[in-house]
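Have a look at the structure below before the remarks.
The values are calculated or read from the model by the stated rules, or taken from the named source; none is laboratory data. Nothing here was measured: the structure is a model prediction, and the numbers come from that model. Cβ placement follows ideal geometry from the backbone for every residue including glycine, while neighbour counts extend to all protein chains displayed.
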Amino acid sequence: MFENTFRPDLVESVLTFVASLIKGIGIYQTAILLLTIFVNVILAFAVYLNARRQRKAKRGLFLVGPFIRGLVVLVTSLLGVVAYWLIHHSTLRPRSNDSTE
């Protein structure tokens with residue numbers, strides 16, 4: 001089923017895109033941009049996993065589910081992480097009857 005999944009044209013397209021970024025805005029700006037994208041993806045995935053864990057532990061999520069939380073963090077970066085933490089992990093959150101934290 002997955003025998004022929006490698007696509008050289010896709011790899012070439014990505015490399016061409018990165019090369020055009022380097023040529024257009026410079027190597028340092030490109031490195032910062034790619035690092036920022038990488039960090040945002042990692043943060044979004046971490047928030048998604050944490051929100052899933054909270055949902056399974058029946059601790060309750062406010063307003064939206066894990067997937068939307070992850071997307072919000074992907075778009076808003078650290079602002080989204082801080083908002084998530086304030087809502088779900090800070091002392092602003094009302095404590096439940098079980099004190100597992």
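Enumerate the pairs (first residue in the stretch 36-65 and under 13 Å from Tyr84 (Cβ atoms); second residue anywhere and charged (D, E, K, R) and part of a helix (DSSP H, G or I)) with beta-carbon separation below 6 Å, excluding pairs fewer than 6 apart on the same chain, so at least 6 apart or on different chains.
Listed by first residue and then by second, the contacts come to Val47/Arg69; Ala51/Arg69; Leu61/Arg55.
With the checklist (1) surrounded by fewer than 15 Cβ atoms within 10 Å (Cβ to Cβ); (2) at pLDDT 85 or above in hand, flag the one item Val73 doesn't pass.
Failing condition for Val73: (1).
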